[in-house]
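A short write-up of the structure that comes next.
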Amino acid sequence: MKDPGIYCLLLRLPKGRRIRVAGRERDFAAGYYLYVGSAMNGLEARIRRHLSAEKKQHWHIDSLTRHAAIRRVFRYSTHSRSMECRLASRLAKRSHTTGIPGFGSSDCRCRTHLFHFQAKPDFNPFDLLRRTNAERVARILSDLYSGPRVCKSREPFRSLITCVISLRTKDEVTDPAGKRLFRLARTPAQMAALPPSRIAKTIYPAGFYREKARTIKNIAGILVANHGGRVPDNLDDLVALPGVGRKTANLVLGRAFSKPAICVDTHVHRISNRLGWVATDIPEETETALRHVLPEEHWIAINGLMVRHGQATCHPTSPKCSECAIAGDCLRDGVGRSR
Ligand code: SF4
């Protein structure tokens, strides 16, 4: 199959008019129309055909495109024809939307794939689909895996320090190292009083243990000096701490303070792109894009779920797509070799 996918045409009809559709005169109100179609044998060719000045009469929608200007085309690459109907049903549920009967595709049971809007719709229709898809994937992964992987403590200081230890370190090393360290010092003041060499010896064999020991002592000192011995509960103050980036800060905000935050690490970045939720180059872009796609109720949990899925199934190279529980919802963008 050549570039299969679904598409949405945004049409504008400047004045209401009677239009003949399938041999019957019908009234169309002025305004905007969204039409959802699929092209499993060539998305770009189908779109070119809709945009062509030569107006052939082949599908019902051709009757409307003879009179209404195509203002915008939205594309969504997929092998799944059912996505077309899923998007149509999402559009049908939106407020200020009127379905125009008789424009479903020949092999589906939808009432219609054409919708009228009085005012220009200000959303990307495929974000509706991505949100539905993201919601379903998050629920499937929640059933498969539960709880976060690292930084299990909800106590802010412990959560923050465990995250620092966990960077480029396996869970089997991070968890015992954190426990040993917190047996020595439980508060920022106690931690700041420890010599870096003692911290380093305690968290060994965590990766970069000497560097992390200095960072941990510095963080503890800053918390005592500037934050009354407490971990700040906002992103700006957290990322101002040494060794704390957006990934760690978001994990602490979600985990310890229950604030809506998306922690994007390498697994979240990779899997979100493969799923087709986002098309981004760096984790910071992924975090921003995910805010539009992923319902807020899943922001905190998604990191733990995708980390586990990335470790178990969706490996960086050769993911196990044949046994993946979310394969039906995945576009597999950028996946070369798979098992
Ligand atoms: S189908 Fe493949 S690429 Fe998609 S999430 Fe599953 S393992 Fe990853």
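The values are calculated or read from the model by the stated rules, or taken from the named source; none is laboratory data. Everything numeric here is computed off the predicted structure, so don't read it as measured data. All Cβ positions, even for glycine, are placed from backbone atoms using ideal geometry, and neighbour counts span all protein chains on display. Note: areas computed on protein heavy atoms with side chains; ligands, DNA, RNA excluded. Shrake-Rupley method; radii C 1.70, N 1.55, O 1.52, S 1.80 Å.
Mind checking which pairs have a first residue in the range 265-277 that is under 18 Å from Val252 (Cα atoms) and near the ligand (Cβ under 9 Å from one of its atoms) and a second that is of a type in the set (Ser, Thr, Tyr) and in a loop (DSSP other than H, G, I, E, B), Cβ under 9 Å, 6 or more apart or different chains?
Short answer, once both residue conditions are applied: none.
Restricting to the range 181-240, give me the number of residues that are part of a loop (DSSP other than H, G, I, E, B) and touching a residue at least 60 places away in the same chain (Cβ under 8 Å).
Looking only at that region, the number is 3.
Quick one: would you say Ala261 is more than 16 Å from the ligand (Cβ to nearest atom), in contact (Cβ under 8 Å) with a residue 24 or more places away in the chain and within 19 Å of Arg131 (Cα to Cα)?
Criteria met by Ala261.
Somewhere in the range 252-260, is a residue modelled with pLDDT under 95 and polar (S, T, N, Q)?
yes
Which is within 20 Å of Arg230 (Cβ to Cβ) and assigned by TED's automatic domain parsing to the domain that holds Val239, of Ala177, Ala213, Ala185?
Criteria check complete, one pass: Ala185.
Can we say Pro260 is surrounded by fewer than 16 Cβ atoms within 10 Å (Cβ to Cβ) and closer than 25 Å to Leu160 by Cβ?
Spelling it out, Pro260 is indeed surrounded by fewer than 16 Cβ atoms within 10 Å (Cβ to Cβ) and closer than 25 Å to Leu160 by Cβ.
Yes or no, residue by residue, for (1) open to solvent by less than 20 Å² (accessible area, probe 1.4 Å); (2) of a type in the set (Asp, Glu); (3) within 16 Å of the ligand (Cβ to nearest atom):
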| site | (1), (2), (3) |
| --- | --- |
| Val252 | yes, no, no |
| Glu284 | no, yes, no |
| Leu294 | yes, no, yes |
| Ala312 | no, no, yes |
